[in-house]
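Here the structure is laid out as structure tokens; the discussion comes afterwards.
The values are calculated or read from the model by the stated rules, or taken from the named source; none is laboratory data. Note that the coordinates shown come from a computational prediction; the quantities given were computed from them, not determined experimentally. Counting neighbours? That spans all protein chains shown, and the Cβs are built from the backbone with ideal geometry, glycine included.
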């Protein structure tokens with residue numbers, strides 16, 4: 001069974017990703033786990049020897065009750081858990097460990113909003129998870145809106161045509177495999193001098209998208225869309241616009257591989273999409 005791990009730091013903002021994860025879990029019949037990492041060195045009010053350790057169960061019980069209430073308020077069927085951060089373990093390592101223990105296919109978290117987004121993704125827990133977690137990471141940004149209340153869940157999958165970008169499909173295959181989620185494959189062509197004419201460009205774009213479609217699990221309904229970016233409309237804007245045109249619930253794309261991760265998040269299309277998008281962005285580490 002597919003499992004989705006949702007992480008929170010206890011703040012209302014961090015929990016804003018939960019409704020999106022719930023909607024996805026319902027769409028692909030996934031098990032939902034809502035988790036919070038407890039760091040005894042930072043989260044407990046008393047830091048003096050044995051007294052500090054004695055309060056760990058008390059804090060864990062309080063957090064557990066809070067997470068249970070959050071799930072209930074969201075109308076979500078799932079499991080809540082409080083995990084103790086182990087010695088010399090970072091928060092992102094704890095999250096990845098929990099994901100492995102829960103056999104999660106996807107981790108969902110909020111990226112702390114557009115105001116501090118660049119710092120959050122470059123130096124935060126989100127960056128650590130994305131850099132070391134082998135599976136896909138669903139992120140909501142500062143412009144994310146509440147999900148649709150009803151209707152079928154759909155995903156836009158975007159590719160730049162490179163071999164590395166094709167890795168997004170196998171990465172999110174677990175949530176696509178039931179065949180309940182239709183996808184729209186989007187390729188954005190940038191205006192550049194020396195390029196072929198519009199008809200040739202469109203034909204090449206469709207061929208690239210057909211290669212992407214061939215990677216989809218059997219039974220997944222898919223359509224292909226080629227979009228043209230303009231000088232006043234960058235690639236990220238064109239992707240977000242295409243997702244809006246088909247009322248997509250999320251946008252999935254590759255991070256182009258671990259080696260280019262820092263460069264990608266520092267100023268790339270992926271970060272720009274996350275900053276602009278009203279729906280979650282599912283990032284997967286690319287092949288190669």
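Quick one: which residue in 104, 83, 99, 94 is in a strand (DSSP E or B) and either buried (at least 19 other Cβ atoms within 10 Å of the Cβ) or modelled with pLDDT of 95 or more (or both)?
Details: 104 fails: in a strand (DSSP E or B); 99 fails: in a strand (DSSP E or B); 94 fails: in a strand (DSSP E or B).
Going through 104, 83, 99, 94 in turn, just one is in a strand (DSSP E or B) and either buried (at least 19 other Cβ atoms within 10 Å of the Cβ) or modelled with pLDDT of 95 or more (or both): 83.
Residue-level check: of (1) surrounded by fewer than 21 Cβ atoms within 10 Å (Cβ to Cβ); (2) at pLDDT 90 or above; (3) under 21 Å from residue 274 (Cβ atoms), residue 190 misses just (2).
Take the conditions in contact with a strand residue (DSSP E or B) (Cβ under 7 Å, 6 or more places away or on another chain), in a strand (DSSP E or B) and modelled with pLDDT of 90 or more and apply them to residue 252. Does it pass? The answer is yes for residue 252. Of everything in segment 125-150, what is more than 20 Å from residue 100 (Cα to Cα) and without any contact (Cβ under 8 Å) to a residue 60 or more places away in the chain? Give them in sequence order. Those that are more than 20 Å from residue 100 (Cα to Cα) and without any contact (Cβ under 8 Å) to a residue 60 or more places away in the chain: 149, 150.
A quick yes/no check of all residues on (1) over 15 Å from the mean Cα position of the chain (by Cα); (2) at pLDDT below 95; (3) crowded, with 22+ Cβ neighbours inside 10 Å:
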| residue | (1), (2), (3) |
| --- | --- |
| 127 | no, yes, no |
| 130 | no, yes, yes |
| 136 | no, no, yes |
| 155 | no, no, yes |
| 162 | yes, yes, no |
| 180 | yes, yes, no |
| 185 | yes, no, yes |
